[in-house]
1. For the chain, which whole percent of the accessible surface, found with a 1.4 angstrom probe, sits on carbon and sulfur atoms?
2. Listed highest first by mean packing, meaning other Cβ atoms within 10 Å per residue, what order do 10-19, 55-64, 37-46 come in?
3. About its Cα centre, what dipole magnitude does the chain give when the only charges are +1 on Lys and Arg Cβ and -1 on Asp and Glu Cβ, stated in debye to the nearest 20?
4. Consider just the alpha-carbon atoms of the chain and return their Rg together with their Dmax, both in angstrom.
5. Which distance in nm do the two modelled labels at Ile11 and Glu76 give, with both placed 7 Å along the Cα-to-Cβ direction?
6. At 222 nm, what value in deg cm²/dmol follows for the chain if DSSP H runs of at least 4 each add -39500 (n - 2.57) and the sum is divided by all its residues, to the nearest 500?
7. Find the accessible area per residue for the chain; the probe is 1.4 Å, ligands and nucleic acids are left out, and the unit is Å².
8. Kindly state, to the nearest 0.05, the FRET efficiency for Thr85 paired with Asn45, given R0 = 25 Å and r defined as their beta-carbon distance.
Amino acid sequence: MTKNFQGLTGITRTPDVVFVVDPKKEHIAVTEARKMNLPVIALLNTDCNLKQIQYPIVANDASISSITFFLTKIKEAYTNGANGTAK
């Protein structure tokens, strides 16, 4: 339990959005987000169902370099937006 859920203990409110890498594998997270009416952003391959994702990023969801690239760019965009320095 601690290994799987310790990162969630500090959450004090519902997130505004859910980001998922490989929604086919993480289908439970997508289903729960949809039940809570949370938008889902997902990095997904062509074997995933696009209809379940509000904001799809079609790319290789199994390649470490692809995942790293997109997560870095999303982190940069989030940080810039949070700091008011969006380009």
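1. Carbon with sulfur: 57 percent of the solvent-accessible area.
2. Order by mean packing, descending: 37-46, 55-64, 10-19.
3. My answer is approximately 120 debye.
4. When restricted to the Cα atoms of the chain, Rg and Dmax are 14.0, 41 Å.
5. The modelled label-to-label distance comes out at 2.8 nm.
6. About -11500 deg cm²/dmol.
7. 78
8. Between Thr85 and Asn45 the formula returns 0.20.
The values are calculated or read from the model by the stated rules, or taken from the named source; none is laboratory data. Because the structure is predicted, anything quoted here is derived from the model rather than measured. We place every Cβ from the backbone using ideal geometry, glycine too, and count neighbours over all the protein chains shown. Ligands, DNA and RNA are excluded from the accessible area calculation, which covers all protein heavy atoms including side chains. Shrake-Rupley method; radii C 1.70, N 1.55, O 1.52, S 1.80 Å.
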